[in-house]
Each structure stands twice: as structure tokens, then as C-alpha cells.
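J.: Attaching a single structure in C-alpha cells format; questions to follow.
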Amino acid sequence: MKVYKIAADILVPTGFSPNGDGINDIFRPIPIGMRSLDVFRVYNRWGQMLYAGTDPNGGWDGKFGGSVQEPGTYVWYAEGIDYKNTRIKKKGYVVLIR
């Protein structure tokens, strides 16, 4: 039996620093009380999708097509199903720090 003390949600950090030091190198959602993570995407300021995935242990490493992306603000979108079978949709931004 699982007991949840907070509401199910998709928590997403507001910044990350993919500099290879092993700390905050991957930008990923943290699904709390979620049955599945169906969509996680990252876009640049022109709307170009830089990353798409559904693995909560995966994530964006700050690269696109093998090229390191510039420091700046990027937009993300996440969607999943919680333990009550309710669809949760979230969007926001993340700051890439180098």
C-alpha cells in the first residue's frame, strides 16, 4: 500500500547546468504520484523542439543534434496520468546555465 501526503504532480526544476560536474547536468521532470509520464518536451525560443521523451529517468542534457545549446531560457511541456487516472498537464520554463 502506498500513502501519498501530497497531491500527485509533475515537479520540474527552474534551472540546470549541464557542465559535466555531475550536479544538475540533466533537466528532467520529477513525477510524484504519477502512473505514467506521457510527454516531456523542451523547446527553444523559436518553438523548435530540442528534446522529447517519456522516461522520467531520462532528460535533456542541454544539447541538440550533438551541439551544445547556448545559455538562456527554454520552454518545457509535460503531461501524464496520476494514480487516480487524472490527466495532469504542465508547462513552464527552465534556465540553462553554463
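The values are calculated or read from the model by the stated rules, or taken from the named source; none is laboratory data. In this text the structure is predicted, and so the values were computed from the model without any measurement. Cβ placement follows ideal geometry from the backbone for every residue including glycine, while neighbour counts extend to all protein chains displayed.
J.: Mind checking which pairs have a first residue in region 18-30 that is acidic (Asp, Glu) and a second that is surrounded by 12 or more Cβ atoms within 10 Å (Cβ to Cβ) and part of a strand (DSSP E or B), Cβ under 9 Å, 6 or more apart or different chains?
T.: Partner pairs satisfying both residue conditions: ASP25/PHE16.
J.: Let me ask something else. Taking the condition over 13 Å from ASP9 (Cβ atoms) and touching a residue at least 24 places away in the same chain (Cβ under 8 Å), does LYS63 pass?
T.: Working: over 13 Å from ASP9 (Cβ atoms): yes; touching a residue at least 24 places away in the same chain (Cβ under 8 Å): yes.
The answer is yes for LYS63.
J.: Taking the options ASN44, ASN85, name whichever one is within 30 Å of MET1 (Cα to Cα), over 10 Å from the mean Cα position of the chain (by Cα) and at pLDDT 95 or above. Walk me through it before giving the result.
T.: On the way: ASN44 fails: within 30 Å of MET1 (Cα to Cα).
Of the residues listed, the single one that is within 30 Å of MET1 (Cα to Cα), over 10 Å from the mean Cα position of the chain (by Cα) and at pLDDT 95 or above is ASN85.
J.: Then there is this: If a residue counts only when it is surrounded by 14 or more Cβ atoms within 10 Å (Cβ to Cβ), which strands (runs of 3 or more DSSP E) contained entirely in the chain have at least 3 such residues? If you could, list the steps in order and put the result at the bottom.
T.: Values: elements: 9-11, 30-32, 34-43, 49-53, 72-82, 87-96.
Once the strands (runs of 3 or more DSSP E) in the chain are filtered for at least 3 residues that are surrounded by 14 or more Cβ atoms within 10 Å (Cβ to Cβ), what remains is 34-43, 49-53, 72-82, 87-96.
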